[in-house]
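Structure record follows, encoded as structure tokens.
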């Protein structure tokens, strides 16, 4: 009897965790999304109204694996399988805001991943072209975007290194895959004055962003750390002194 | 039969432990293999506690277990649990990064932990039973246990290349079944009067063993996916394998790591490549070690030749030494070093690679000789001078994961060696990832600075330059002061690179093309230079957020930056995200240590409370004695494993040789203890303490003096040093078991205490080495044996 009870208890305890299913939009998710935008995004200084509206509108939980959909609006990245992640909501917002989009841009995204970033971009700019090399991820993201009836995103399974020459030039390029150099073909597909953005660092660890602006023959790279990096180095770090950044 | 059982079970358990550390290194990251050590030793400790507790529940347990029958049953249990725990570990979808997010992951981790500790529990049970019931033969049991363990440490070396980790785990788990035909089993008719039951009891072990062997044979001879070790999906190899038309073309298993060569059209490695590069980079293949740290091999062709590397940061060094006569490339991941040297039309290139398989593959690919040797030993033996020394070392794919890695390529002592091998106009180059907050670049600049000071240069800052792009920096060190910076200035300007440091740099020159909110790296290096010049460098290092002290051979952990005293500030500075800390090897150690303390406390205290009900209490001096013996032995073992890494050039070789040697010599010492009385123990302890004090103060001098010797001589001397220490280490435990303990319960309990002490020491010693240097471990070992000596005062008299 005792054993039976133990088995029953284990079954009751484990089954809800194992048998997660895709959660559809509910008032709970909507509320969670609004809280996410107000606390994690606006609260950290993101002020672009288009970005805030897009982050409020796109149901992030539909891009997360079902078993983690309850965590979709939390302040951290989410593993989505195959060693991939959906970036932390703040990083998605910061990357989007850093492109300074006005609404009529054509944006190329390298690494569709879950499709969440493409969905956010689609709410703000004219056309989004998104490339994913990994077949499983491509299929999943493509289907999710289709289900959500997002019309202005074109997806393709292929090698992002060479960009999308038929649709070039682009006003903005966003790279969400890990790279050690910026592919020369992508730089060629960037308009003069265009912006290219990519995150640095491991998605689970500290991340900052790099924004490249093409100016004639030169490329200016700006590191955007947002509020995630508190520059508590040097004197600001010394014990007993306030660590309010650089005070030199 | 019992000696054979102890020998075989010790052999198998140690092989299993060594192979599990390999499995964890491949599946996850190297620092997680610490979990294996704790799991194994806990299994052992728990077995002692279990037997001690048994006394309080079953009064006749000693009669029931003091035969060969139970030993055989436990051996079968060991085999069964060893194989099944490995298969479970390999199949459960445990994802380290999902642990804080999904409750089920905690269950997976717990399942892995419990199932993996079971085989060690059963092996510990056999050894503990042997000590408990044959006290007069303690020395022989010790000899069998240590001898078996020594052989178990060595077995994977020759077999791993042929079988791989999975198959070898299964094969080695079968070894203890060899005891089944040995010894006559005396059946206790009081407990089993029915002849049918007697027959069943005789047949059952054979039947179970037959089934186990049959299933194992199927696993070993088929290419079953269940025994294949898969890399973490977050590792570089797993990532690249998801690309189309990508395949592993070669795999080499060894104790030195699993080497996979991958062919793909999508490998494009060119760190530090300028955005001004207009062409195509060559097609590449890559070599991965344990699924990470890619080393690329370029397939040069007419359309894609090595000249792409002229647009990379490390090429700056070659502009200062055009067409160098002789280039030395020290390979440790990466791969652009060879392209740079070729592109610069180097007249002669010497490549040194410490991994045998990587050296072979590189040599075959480029059709040049590659020297397979530890670079530090190569330099110690070589009188040659080079115009360029290029260290191709980029680190792990996840920051913090390499924090525990003991590396001798980026220490002050290594820099001195490099500089002494440069020609008059020679330069040293290292390229690494640019991290925020400034850490790696700051440490390497300080390392170069202090090494130049130590060779007598007055103004080291004039010998060091650093340039960067958005995520890579290149450090250039020259033997003579840099006279003209215009070459690098033009190179940086035309490729949109920035200076990080040169003596007359101004803030606007260091933040032009790759703009930070502030030129953090420049500011910190300038501040450190100022601190050096005003004699305040210690204050700088003490006050800095991270540990950026230059590393020495005594504390060679160049990827370790964590300061425990500033953990709160570090957490804040990286966005208050727990994940940033979790991947740090040190945090993993801390978590495992806390967990180890909790479980050890339970394992040690539980029998004490149980004893209080009626039986005689175990004296505190006994507890102290066996605890300190466990602590001391483990400190000595880990000290030599870490210390000899420089000498043997590889932590795995060091681990295998030190472990095998110390265990064999301890076994001899244990056997010798059979012939000495109580008083002999104190003389042995005095001799051991004196030897350890000598080691603590003098061994580094000895090691440096033999570093340049031939391989055989080096190994011979190193093993020779281990002989007296290992021999003396083998005396206290069996003597204590024989003379100080009265009954099987006490002996089981002593076994548990010894196991717990070993667990805690194995974990804490890694942290102590990181914080205070490797030699402190010898100091702690000496302290532990002084405690042993003190606790013997009363015991020897009684």
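The values are calculated or read from the model by the stated rules, or taken from the named source; none is laboratory data. Just so you know, these numbers come straight off a predicted model, no measurement behind them. Glycine gets a Cβ as well: all are built from the backbone with ideal geometry, and neighbour counts include every protein chain shown.
Here are the numbers for the structure shown:
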| read-out | value |
| --- | --- |
| Some residue of segment B:732-752 being at pLDDT 90 or above, over 22 Å from residue B:42 (Cβ atoms) and assigned by TED's automatic domain parsing to the domain that holds residue B:664 | yes |
| Failed condition for residue B:217, given (1) in contact with a strand residue (DSSP E or B) (Cβ under 8 Å, 6 or more places away or on another chain); (2) modelled with pLDDT under 85 | (1) |
| Residue match in segment B:378-385 (condition: part of a helix (DSSP H, G or I) and touching a helix residue (DSSP H, G or I) at 6+ places or on another chain (Cβ under 9 Å)) | yes |
| Qualifying residue in segment B:503-513 (condition: at pLDDT below 90, within 32 Å of the chain's Cα centre (by Cα) and within 12 Å of another protein chain (Cβ to nearest Cβ)) | no |
| Out of B:389, B:467, B:430, B:476, sole residue that is part of a strand (DSSP E or B), free of Cβ contacts under 8 Å to residues at least 60 places away in the same chain and assigned by TED's automatic domain parsing to the domain that holds residue B:533 | B:430 |
| Residue B:698 being in the same structural domain as residue B:790 (by TED's automatic domain parsing), over 27 Å from the mean Cα position of the chain (by Cα) and modelled with pLDDT under 85 | no |
| Exclusive hit being under 30 Å from residue B:650 (Cα atoms) and either away from chain A (no Cβ under 11 Å) or in a helix (DSSP H, G or I) (or both), set B:248, B:215 | B:248 |
| Filtered residues of segment A:140-169 (kept if in a helix (DSSP H, G or I) and free of Cβ contacts under 8 Å to residues at least 12 places away in the same chain) | A:143, A:146, A:166 |
| Qualifying position, being modelled with pLDDT under 95 and under 27 Å from residue B:240 (Cα atoms), among A:237, A:187 | A:187 |
| Qualifying residues in segment A:208-233 (those that are farther than 15 Å from residue B:517 by Cα and at the interface with chain B (Cβ under 8 Å from one of its Cβ atoms)) - the one modelled with the highest pLDDT | A:219 |
| Single unsatisfied condition, residue B:754 versus (1) buried (at least 24 other Cβ atoms within 10 Å of the Cβ); (2) outside any helix (DSSP H, G or I) | (2) |
| Test: residue in segment A:34-42 that is free of Cβ contacts under 8 Å to residues at least 24 places away in the same chain and within 12 Å of the chain's Cα centre (by Cα) | no |
| Search result, residues across segment A:143-169 that are away from chain B (no Cβ under 13 Å), touching a helix residue (DSSP H, G or I) at 6+ places or on another chain (Cβ under 9 Å) and under 22 Å from residue A:192 (Cβ atoms) | A:163, A:165, A:168, A:169 |
| Residues of segment B:220-236 satisfying the condition of being in a helix (DSSP H, G or I) and touching a strand residue (DSSP E or B) at 6+ places or on another chain (Cβ under 6 Å) | B:236 |
| Criterion violated by residue B:239 - all others in (1) buried (at least 19 other Cβ atoms within 10 Å of the Cβ); (2) within 9 Å of another protein chain (Cβ to nearest Cβ); (3) in a loop (DSSP other than H, G, I, E, B) satisfied | (3) |
| Residue under evaluation residue B:732, criteria (1) free of Cβ contacts under 8 Å to residues at least 40 places away in the same chain; (2) within 22 Å of residue B:791 (Cβ to Cβ), criterion not met | (1) |
| Any hit, segment B:542-556, residues being modelled with pLDDT of 85 or more, in contact with a strand residue (DSSP E or B) (Cβ under 9 Å, 6 or more places away or on another chain) and more than 13 Å from chain A (Cβ to nearest Cβ) | yes |
| Scope segment B:257-302; condition part of a loop (DSSP other than H, G, I, E, B), away from chain A (no Cβ under 14 Å) and out of contact with any helix residue (DSSP H, G or I) (no Cβ under 9 Å at 6 or more places or on another chain); matching residues | B:301, B:302 |
| Within segment B:59-164, helices (runs of 4 or more DSSP H) holding 2 or more residues that are buried (at least 19 other Cβ atoms within 10 Å of the Cβ) | B:68-91, B:103-133, B:138-154 |
| Set B:92, B:104, B:127: member being touching a helix residue (DSSP H, G or I) at 6+ places or on another chain (Cβ under 7 Å) and more than 14 Å from chain A (Cβ to nearest Cβ) | B:127 |
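Let's see how each residue does on (1) surrounded by fewer than 16 Cβ atoms within 10 Å (Cβ to Cβ); (2) within 24 Å of residue B:97 (Cα to Cα); (3) at pLDDT 95 or above:
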site: A:41; (1), (2), (3): no, yes, no
site: A:45; (1), (2), (3): yes, no, no
site: A:55; (1), (2), (3): no, no, yes
site: A:65; (1), (2), (3): no, yes, no
site: A:69; (1), (2), (3): no, yes, no
site: A:78; (1), (2), (3): no, yes, no
site: A:83; (1), (2), (3): no, yes, no
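Each row is one residue, and each column tells you yes or no for (1) closer than 30 Å to residue B:650 by Cα; (2) in contact (Cβ under 8 Å) with a residue 12 or more places away in the chain; (3) within 28 Å of the chain's Cα centre (by Cα).
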residue	(1), (2), (3)
B:319	no, yes, no
B:341	yes, yes, no
B:355	yes, yes, yes
B:359	yes, yes, yes
